[in-house]
Amino acid sequence: MQFTSEQRLDDGVLEREFTLGEIPGTLWTPGSATPVPLILMAHNNGLPKKDSRLVARARHTAACGYAVATIDAAGCGDRPRSAADEQIRADLRRAMQAGEPVDGIFEALVGPLVEKAAPEWLTTLDALLALPEIGGPVGYSGWTALGIRLAASEPRIEAAGFFAGGYVPLAQREEARQVTVPLLVLLQWDDEGNPRQRALDLFDSFGSKEKTLHANLGGHTGTPWFELEDGCRFLDRHLK
């Protein structure tokens, strides 16, 4: 892992850009003299790590005493995409504009994204836990489909917060039964692109004995800010 830039932010959080082979990432750490827990933070369906909503969540979480890391995994963010990937995205935009069914297109897009992204997130996790300022335990926040794959297969992840606003492929809906860590799931009740019943069925599928669902009125990007504060309290209960 090579750090390529760093800056100290107004809230005392240190923001550092890094590369790990071909993987670009960002790490935020608080001004702590002792090792802190780590949160892996991913944006829904592979949106870029520099997205303003993700950055705001990461900075707030770091200021609450966590190391927070995000990456642009293969096929995500600014990473190169194949011609086939670009065609699927073009098909998705056309279908959405025309009001046509999009589940099949999402399945073709998101399923491979998860398959390519998960190994790179685990490689990044190994490198991050080798840093002296990070001591664990590890939590996860964000993109549900990826989070299901990681939480179901990686025992170092001890708690997870999922955003129920992105498409979850059929394979991950089956894997949800293998997720047993404490969960906090956020649902926007009026999300125009995410049928609420499908999100409720997914919540019911999780194998966790401790799982909490927070549902708020509003559309896809209308998650109230207080949910971020509640999310940090959830992480505090399980990781500190």
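The values are calculated or read from the model by the stated rules, or taken from the named source; none is laboratory data. The structure displayed is predicted, hence computed values, not measured ones. Quick reminder, even Gly has a Cβ in these numbers, built from the backbone with ideal geometry, and neighbours come from all protein chains shown. Side chains included, ligands, DNA and RNA excluded: accessible areas come from the protein's heavy atoms. Shrake-Rupley method; radii C 1.70, N 1.55, O 1.52, S 1.80 Å.
Let me confirm something: among VAL36, VAL68, which residue is out of contact with any helix residue (DSSP H, G or I) (no Cβ under 8 Å at 6 or more places or on another chain) and open to solvent by less than 20 Å² (accessible area, probe 1.4 Å)?
From the options VAL36, VAL68, the qualifying one is VAL36.
Testing ALA73 on (1) among the small types (Gly, Ala, Ser); (2) outside any loop (DSSP other than H, G, I, E, B); (3) closer than 21 Å to ILE148 by Cα, one condition comes back false. Which one is that?
The single condition ALA73 does not satisfy is (2).
So which of GLU100, GLU86, GLU6, GLU17 ends up being within 27 Å of ALA160 (Cβ to Cβ) and either open to solvent by 10 Å² or more (accessible area, probe 1.4 Å) or not in a strand (DSSP E or B) (or both)?
On inspection, the qualifying residue turns out to be GLU17.
Would you check if LEU186 is buried (at least 19 other Cβ atoms within 10 Å of the Cβ), part of a helix (DSSP H, G or I), touching a residue at least 24 places away in the same chain (Cβ under 8 Å) and of a type in the set (A, V, I, L, M, F, W, C)?
For LEU186, the condition - buried (at least 19 other Cβ atoms within 10 Å of the Cβ), part of a helix (DSSP H, G or I), touching a residue at least 24 places away in the same chain (Cβ under 8 Å) and of a type in the set (A, V, I, L, M, F, W, C) - is not met.
Could you check SER205 against (1) farther than 19 Å from VAL68 by Cβ; (2) open to solvent by 50 Å² or more (accessible area, probe 1.4 Å) and say which number it fails?
Unmet for SER205, out of (1) farther than 19 Å from VAL68 by Cβ; (2) open to solvent by 50 Å² or more (accessible area, probe 1.4 Å): (2).
Restricted to the range 103-155, and to residues that are among the acidic types (Asp, Glu) and part of a helix (DSSP H, G or I), which residue is surrounded by the most Cβ atoms within 10 Å (Cβ to Cβ)?
This residue is GLU120.
Does the range 6-22 contain at least one residue that is among the β-branched types (Val, Ile, Thr), out of contact with any Phe, Trp or Tyr (no Cβ under 7 Å at 6 or more places or on another chain) and farther than 20 Å from ALA118 by Cβ?
Within the range 6-22 (the criterion being among the β-branched types (Val, Ile, Thr), out of contact with any Phe, Trp or Tyr (no Cβ under 7 Å at 6 or more places or on another chain) and farther than 20 Å from ALA118 by Cβ), the answer is no, since none of the residues qualifies.
Output the qualifying pairs, or none if there are none: Cβ atoms under 9 angstrom, residues six or more apart or on different chains, first residue in the range 1-13 and under 13 Å from TRP28 (Cβ atoms), second residue charged (D, E, K, R) and open to solvent by 60 Å² or more (accessible area, probe 1.4 Å).
Once the first residue is under 13 Å from TRP28 (Cβ atoms) and sits in the range 1-13, its partners that are charged (D, E, K, R) and open to solvent by 60 Å² or more (accessible area, probe 1.4 Å) give LEU9/ARG59; ASP11/ARG59; VAL13/ARG59.
For THR61, which of the numbered conditions (1) more than 24 Å from VAL181 (Cβ to Cβ); (2) crowded, with 17+ Cβ neighbours inside 10 Å fails to hold?
So THR61 meets the others, but not (1).
Of everything in the range 156-181, what is touching a strand residue (DSSP E or B) at 6+ places or on another chain (Cβ under 6 Å), in a loop (DSSP other than H, G, I, E, B) and surrounded by fewer than 20 Cβ atoms within 10 Å (Cβ to Cβ)? Give them in sequence order.
The answer is ARG156, and nothing else.
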